[in-house]
Amino acid sequence: MINFPRWKYGLVLAVILLAALYALPNLYPQDPAVQLQANRGSVVDEALRERVQGVLERNQVPFTRMAIEDERLLVRFPDTDTQLRAIELVRQELGEQYVSALNLASTVPDWLTALGGRSMVLGLDLQGGVHFTMEVDQRASIEQQENRFVEDIRVLLRDKRVRYQNVSRTPAGIVVNLRTEQDRERAYAEIAADLPELVLEFGRGGDDGWLINGRISEATLNEIAANAIEQNVSTLRNRVNELGVAEPIIQRQGESRIVVQLPGVQDTAAAKRILGATATLEYRAVDESVNPFEVQQTGNVPPDSALYTDRRGNPVVLKKRLIVSGDQLVNAASGFDSRDGSPMVSVRLNAAGARRMQEFTNDNVGKGMAVVFVERIPDVRTVDGREVRSTRIRQEVISIATIREPFGRNFQTTGLDSAAEASETALLLRAGALAAPIDIVEERVIGPSLGQDNIERGMRAIVIGFAAVLLFMLVYYRMFGLVANIALVANVVLIFAALSLIGVTLTMPGIAGIVLTIGMAVDANVLIFERIREEIRNGNTPVSSIRAGYDKAWSTIIDANITTLIAGISLLAFGSGPVRGFAVVLCIGILTSMFTAVTVSEAIVSLIYGRGRKVKGLSI
């Protein structure tokens, strides 16, 4: 008699049902869609919905559904050609008021989504999209750091009451010009103690003054370069995610390059705009010694100040000295002020930013501090058949608040118009700013038709390989071949469910991994069935042969699969890109095939030949 515990039947049934549930979303195709998100000063509401609908209807562009979801307008279309035509019309109508992006919208039912079900993510080679290789301008990040050191030295010398003529940055580094030799000695000691990152040396005295030349140490330069790459990767990922591009791939490559893949995006100009339109906030002191309207009319701006405008176009004069900027922020969250219920943004700074903010607010209680929104917008145009890139910087004062009391690491920014604006401001702060400018050195576009062709070829390979294995097992092992085929189908369902749950991006190498797994999945069944046939040839009864087949083949199955699993883990650990995609599918397939080939097939065999039946022979 074959003894298979009831709890194992329950386990097999539960696993198969759950796998079928979470593999089900892959049967729902995604809709080509255009997603609209408001820029600053704009809102996504019913008026926008009617405006977009009017544009599409006037130009006879069909759409299947239009809805506002999570403060974004999502318009679905029947095919990608209609999607591309629609986004051009929408951009012409809305201009820069809204950010528009091509997307693929899920059609998975809400009840299935609520249970955590989602479709597999398709990679660039299956879905189409754009691929960029970007070079980080390390020199610019060093210049930014040198500018910070210049400001730090000015503040330090003022605090220590050391007289100086000027502090400036030159191509050779930082130059501090002192009035006397004694001042130079004091300044040297103070700078060396407070800023150990700088390598200092005395410059030539005389008519030019008493100089200190400073340059950033080699160790600090290497740290700046590494941090610039890591911060840019993080910032690009945050910005692209917030703009709604589905499942982007953003990763470091080498010492100074970043690879960005945006599946589903076909417009390269729009993709470059999304990548380059990073933003941050700056906190600056208000220059209250002048009338901003007079400064705007006369053009006489104080030498240590600059003229800005607020969202309504009114002039504002701010100090050039930067208090803190977006790269010194640790976190930001929107909420409401407990005193008057107005929208606010709660901000937390890092140690350096907290020190600077504390020093500033201690000396400026009752004075104004402005929050400046700074956006870097790249513009890509084609002139005489050549691509011309330029960048424009948009600076806008979004709020001016009076400092009520000194603060440092944690504080609130108020004066915002609405909760939506507070939420957007917090979002921009969290997303951060680029630590250094980036240039696109390589770009590739994969069209949706090529992606669809890859999907069709890959699915054809899966179907042909699957059918060939099923046919062979059925002909060669008869009833037991049917059992192996049922276990193989369960294995494929488990693989698709695991890929969907984990969120692995499926690429063409991943499809190759599925095809290979299908072939390897029956290896365990072959070992078991051949062991059963050998036991029968040795004169054992059918039931004892089945028991011996499953018991004695298990160690061999473990050995064979562990060696392959080690190879898969090695590829996963040391590979990158497509190699990792193949390795993930291979490892998942090995684990699921061990379960289906042994536990699931044994459960089915027990149902057929167990339960006290007198078995005279086996169809094997």
> So, in nm, how far is label residue 43 from label residue 135 when the simple model puts each one 7 Å beyond its Cα toward the Cβ?
Replying inline: 4.6 nm
> What is the chain's relative contact order, in percent, from Cα pairs under 8 angstrom and six or more apart in sequence?
Replying inline: 16 percent
> Relative to the longest principal Cα axis of the chain, at what angle does helix 138-159 sit, 0 to 90 degrees, rounded to 10?
Replying inline: 40 degrees
> Length gain on complete extension for the stretch residue 395 to residue 442, per 0.36 nm per residue less the alpha carbon to alpha carbon distance?
Replying inline: 13.9 nm
> Where does each of 462-470, 99-107, 76-84 land if you order them by average Cβ count within 10 Å, highest first?
Replying inline: 99-107, 76-84, 462-470
>> How big is the dipole moment of the stretch 507-595 about its Cα centre under a simple scheme where the beta carbon of each Lys and Arg is +1, that of each Asp and Glu is -1, and everything else is neutral? Debye, nearest 20, please.
In response: 60 debye
> For residue 351 and residue 339 in one chain, what is 0.36 nm times their gap in residues minus the Cα-Cα distance, to one decimal in nm?
Replying inline: 1.6 nm
> Taking only Cα atoms, what is the 0 to 90° angle, nearest 10, from helix 351-363's long axis to the longest principal axis of the chain?
Replying inline: 30 degrees
> Got a sec? How would 308, 550 order by Cβ neighbour count within 10 Å, fewest to most?
Replying inline: 308, 550
> Hey, can you rank 189-198, 584-593 by average C-beta count inside 10 Å, highest first?
Replying inline: 584-593, 189-198
>> Net charge around residue 308, counting only other residues with Cβ within less than 13 Å of its Cβ (Lys, Arg = +1; Asp, Glu = -1)?
In response: +2
> Once you charge only the Cβ atoms, +1 for Lys and Arg and -1 for Asp and Glu, what is the size of the charge dipole of the chain about its Cα centre, to the nearest 20 debye?
Replying inline: 2100 debye
> What order do you get for 9, 609, 22 when you list them from fewest to most C-beta neighbours inside 10 Å?
Replying inline: 9, 609, 22
> When the helices in the chain are scored as -39500 (n - 2.57) per DSSP H run of 4 or longer and the sum is shared across all residues, what 222 nm value do you end up with, to the nearest 500 deg cm²/dmol?
Replying inline: -16000 deg cm²/dmol
> With point charges of +1 on the Cβ of Lys and Arg and -1 on the Cβ of Asp and Glu, referenced to the Cα centre of the chain, which listed residue (66, 510, 52) lies farthest in the positive direction of the dipole?
Replying inline: 510
> On full extension of the chain, what length is gained from residue 58 through residue 144, given 0.36 nm per residue of separation minus the C-alpha to C-alpha distance?
Replying inline: 26.0 nm
>> Using Cβ counts within 10 Å as a stand-in for footprinting exposure, how do 88, 602 rank, fewest first?
In response: 88, 602
>> What is the sum of charges, Lys and Arg at +1 and Asp and Glu at -1, for the other residues whose Cβ falls under 12 Å from the Cβ of residue 197?
In response: -3
>> Restricting to Cα pairs below 8 Å that are 6+ residues apart, what does the relative contact order work out to for the stretch 139-221? Please round to a whole percent.
In response: 26 percent
> Taking residue 320 as the anchor, which aspartates and glutamates have their alpha carbon closer than 12 Å to its alpha carbon, excluding any fewer than eight residues away along the same chain?
Replying inline: 151, 282, 287, 304
> What number comes out for the charge environment of residue 404, summing +1 per Lys or Arg and -1 per Asp or Glu over other residues with Cβ under 14 Å away?
Replying inline: -1
> Can you give the angle from 0 to 90° between the axis of helix 218-242 and the longest principal axis of the chain, with both taken from C-alpha atoms, to the nearest 10?
Replying inline: 60 degrees
> What relative contact order, as a whole-number percentage, does the stretch 472-570 give when Cα pairs under 8 Å and 6 or more residues apart are counted?
Replying inline: 20 percent
>> For the pair residue 115/residue 554, report the inter-label distance in nm, with labels modelled 7 Å from Cα in the Cβ direction.
In response: 3.2 nm
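No value in this document is a laboratory result; all are computed from the given coordinates. None of the values given here were measured: they were computed from a predicted structure. With ideal geometry, Cβ positions are generated from the backbone for all residues, glycine too; neighbour counts draw on all protein chains shown.
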